[in-house]
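Quick note: the coordinates plus some simple rules give every number you see, no bench work behind them. Bear in mind the structure is a predicted one, so any value in this text is a computation, not a measurement. Here the Cβ is made from the backbone with ideal geometry for all residues, glycine too, and neighbour counts use every protein chain on show.
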Amino acid sequence: MNNEKHGKFITLEGIEGVGKTSNLNFIQGLLEASGRDCVVTREPGGTSLGEALRGLLLSHSDDNMSADAELLMMFAARAEHLAKVICPALAENRTVLCDRFTEATYAYQGGGRLLDVKKISDLETWVQGDLRPDLTIILDAPVEIGRARAGKRSAPDRIEKEKDDFFQRVREAYIELANNHPDRICLIDASKTLPEVQQQIREKLVDYGVLGL
Ligand code: T5A
């Protein structure tokens with residue numbers, strides 16, 4: 001694929017309930033106030049095919065899905081998303097702000113489902129070539145905090161029904177990603193109050209050169 005890109009590609013990650021949705025609008029507001037033209041999107045999803053796959057992936061049914069099928073559907077949705085939304089927007093010098101991307105696959109399918117990381121990195125190379133987000137912000141908080149926040153909402157979907165040890169592995173995989181790629185992935189302490197979390201996000205956007213001082 002042609003990975004020629006010009007705009008900034010920013011992704012937001014974390015376990016369930018840490019506050020991604022709550023902070024997406026905040027980040028969009030900061031970016032737009034600084035003059036960036038933003039496309040806000042999400043994974044799995046972001047296209048009609050991707051949203052259909054999301055419906056299957058996050059259904060409330062108790063049907064088992066094999067971990068490999070889950071992994072391949074995440075990347076099928078991603079291939080469509082890159083082709084139809086992300087790459088065209090970056091080529092137009094727009095900033096893409098995406099709620100989850102491939103780091104979620106490393107965390108959930110790699111860490112959570114214990115799939116071989118090489119399967120994920122092979123698919124990443126196939127589907128993305130050398131395209132990686134310019135900045136990934138991981139909202140990090142203990143599993144019980146995410147659970148308590150998410151639990152105030154609707155019935156859990158297929159992945160939210162997993163046990164705490166699954167989300168503990170997901171969290172640890174996210175922390176490892178941040179440690180392995182400090183040049184493009186940062187951790188935020190999302191156990192703090194929302195204003196404190198947003199202050200940290202603002203500082204990281206400056207540190208990573210997305211926002212001016
Ligand atoms: N997935 C995805 C994979 O397995 N592999 C992949 O490759 C990809 C791309 C997607 C699911 O798909 C999986 C991971 C997920 O299971 P999703 O749409 O991203 O799901 O949804 P969730 O992670 O389930 O997102 P949530 O909506 O549950 O969590 P958020 O968005 O992190 O949390 P948010 O903002 O809705 O906040 C939850 C509550 O907490 C409050 C909010 O007001 C809200 O009530 N809150 C705070 N309260 C106190 N202090 C703070 N700092 C707070 N921040 C938020």
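Taking every C-alpha pair closer than 8 Å and separated by at least 6 residues, the mean separation divided by the residue count of the chain gives a relative contact order of 33 percent. Taking 7 Å steps out from each Cα toward its Cβ at residue 32 and residue 130 produces label points 3.4 nm apart. Simple spin-label estimate for residue 76 and residue 48 gives 1.7 nm between the two label positions (7 Å along the Cα-to-Cβ direction from each Cα).
When the convex hull of the Cα atoms of the stretch 9-207 is projected onto a plane and the area is averaged over all directions, what value comes out in nm²?
Numbers: hull surface 42.4 nm².
In nm², the orientation-averaged hull projection of the stretch 9-207 is 10.6.
With 10 angstrom as the radius, rank 145, 10 by how many other C-beta atoms surround their C-beta, starting from the fewest.
If I rank by nearby Cβ atoms, fewest first, I get 145, 10.
Within the stretch 118-177, list the trypsin sites (Lys or Arg not before Pro) lying in a DSSP loop whose Cβ has at most 14 other Cβ atoms in a 10 Å radius.
Loop-located and lightly packed - 152, 153, 161, 163.
Comparing 67, 83, 155 in a Gaussian network model of the chain, where Cα atoms under 10 Å apart are tied by springs, the biggest mean-square fluctuation is seen for 155.
In the chain, helical runs assigned H by DSSP with n ≥ 4 each contribute -39500 (n - 2.57); averaged across all residues and rounded to the nearest 500, the mean residue ellipticity at 222 nm is -14000 deg cm²/dmol. Using equal-weight Cα scatterers in the Debye expression, the normalised intensity of the stretch 95-213 in log10 at q = 0.20 Å⁻¹ is -1.27.
Listed from fewest to most Cβ neighbours within 10 Å, the set 185, 15 follows the order 185, 15.
With the simple spin-label model, which puts each label point 7 Å out from Cα in the Cβ direction, the residue 114 to residue 161 separation comes to 2.0 nm. Under the combined filter of DSSP loop state and at most 16 neighbouring Cβ atoms within 10 Å, the stretch 65-109 retains these GluC sites (Glu not before Pro): 92.
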